[in-house]
Amino acid sequence: MNSAQVALEDVSKTFDNGGTQALKGLSLAIPTGQFVVTLGPSGAGKSTLLRTLNRLIEPTTGRIWLDGEEVTGADPARLRKIRHRIGMIFQEFNLIDRASVLTNVLSGCLGGTPALWAWGNRFREEDRRTAFIHLKRLGLVDFWEQRADRLSGGQRQRVGIARALMQRPKLLLADEPVASLDPASAKGILDHLRDINQQDGVTVICNLHQPELAREYAGRILGLREGELIFDGPPQELKVNILEQLYEVSIPA
């Protein structure tokens, strides 16, 4: 797999309902192959930031590039091709509960599957083989026939990762992927994301709430508060005073 370079220039987002400004003039560049963690309290703009990168949310102003190709302004056909290079991992898993683990994973390659095949739940044999490779990598190969709603939270999130890998992504966006998981499962998910980043060279941008996990896994941390970027640096520079500013709380020494 190849990885992505992401660039934002003066990106802002103001929502129509109440005029909430979720992002305020963000400009930054994310080089190929970085593992970036975005930290900040609820409502800081972390989810909005991820969703503007693939235009699930349209930015109000600014420009976004992926590998030098502008995402903002791309027509629908071009945007579909760009999105196929971007894997998305959700806090709520977004699985088809009644479908099998294998079918959920295979749904990640729908963008490259003929429409009639997808409608009939038919997939190429090559895609099925690839799906089993990802399931084995994520420790799920023994569960391929099980319905998704019978899995634990950590297993469901691993299905989501396997589904994203079916796209052969250059960029993985993970929106609070461990928020609903116990500590052991959370570390397992982040271990998998780090492995994908380091072994496959895929760029990862991951939203988290936990500073200790950000310090452990990130190569770079972005701190957002009320839509503004107030910290951008390596984990070792994320000091107590920065966290106090980020979360507007006093942290005991």
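Taking ASN17, ASN207, ASN94 as the candidate residues, the one with maximal mean-square fluctuation in a Gaussian network model of the chain, Cα springs under 10 Å, is ASN17. Helices in the chain that qualify as membrane-span-like (whole DSSP H runs, Cα extent of at least 15 Å along the helix axis, mean Kyte-Doolittle hydropathy of 0.0 or higher) do not occur. Relative to the current alpha-carbon distance between GLU125 and LEU79, full extension at 0.36 nm per residue lengthens the span by 13.8 nm. With 0.36 nm allotted per residue and the present C-alpha distance subtracted, the GLN199-GLU145 stretch has 16.7 nm of extension available. Candidates LEU138, GLY219, VAL37 compared by Cα position along the dipole of the chain: farthest toward the positive end lies LEU138, with charges placed on Cβ.
Based on Cα contacts under 8 Å between residues 6+ apart, the chain shows a relative contact order of 29 percent. Remark: the chain carries a charge dipole of roughly 860 debye about the Cα centre, counting +1 on each Lys and Arg Cβ and -1 on each Asp and Glu Cβ. Convex hull volume per residue, computed on the Cα atoms of the chain, equals 134 Å³. Among PRO234, PRO211, PRO76, the residue with the largest mean-square fluctuation in a Gaussian network model of the chain, with springs joining Cα atoms closer than 10 Å, is PRO76. Given their separation in residues at 0.36 nm each and the Cα-Cα distance between them, SER152 and ASN17 gain 45.0 nm when the chain is fully extended.
Counting only DSSP H runs of at least 4 residues, each contributing -39500 (n - 2.57), and dividing by the residue count of the chain, the helix-based mean residue ellipticity at 222 nm comes to -10000 deg cm²/dmol.
The lysines whose alpha-carbon is closer than 21 Å to the alpha-carbon of LYS24, local same-chain residues fewer than 8 away aside, are LYS13, LYS46.
Largest GNM mean-square fluctuation across THR103, THR52, THR61, computed for the chain with C-alpha springs under 10 Å, falls on THR61. Where both bridge residues fall in the chain, DSSP classifies roughly 50% of the beta bridges as antiparallel. In straight-distance terms, cross-link reach from LYS136 covers every one of the lysines whose alpha-carbon lies under 20 Å from its own, apart from those fewer than eight places away in the same chain; here that gives LYS187. So which lysines can LYS170 reach, going by Cα to Cα under 17 Å and dropping same-chain residues fewer than 8 places off? Of all the lysines, those that pass the test against LYS170 - Cα under 17 Å, at least 8 places apart if same chain - are LYS81.
What does the charge count near LEU165 come to, summing +1 for each Lys or Arg and -1 for each Asp or Glu among other residues with Cβ under 10 Å from its Cβ? Taking every Cβ under 10 Å from that of LEU165, the sum is +2. Farthest towards the positive end of the charge dipole of the chain, among the residues ILE57, LEU151, VAL101, is the Cα of VAL101, using unit charges on the Cβ of Lys, Arg, Asp and Glu.
Computed from the coordinates by the stated procedures, all read-outs in this text should not be read as laboratory data. Everything numeric here is computed off the predicted structure, so don't read it as measured data. Cβ coordinates were reconstructed from backbone atoms using ideal geometry, including for glycine residues, and neighbour counts include every protein chain displayed.
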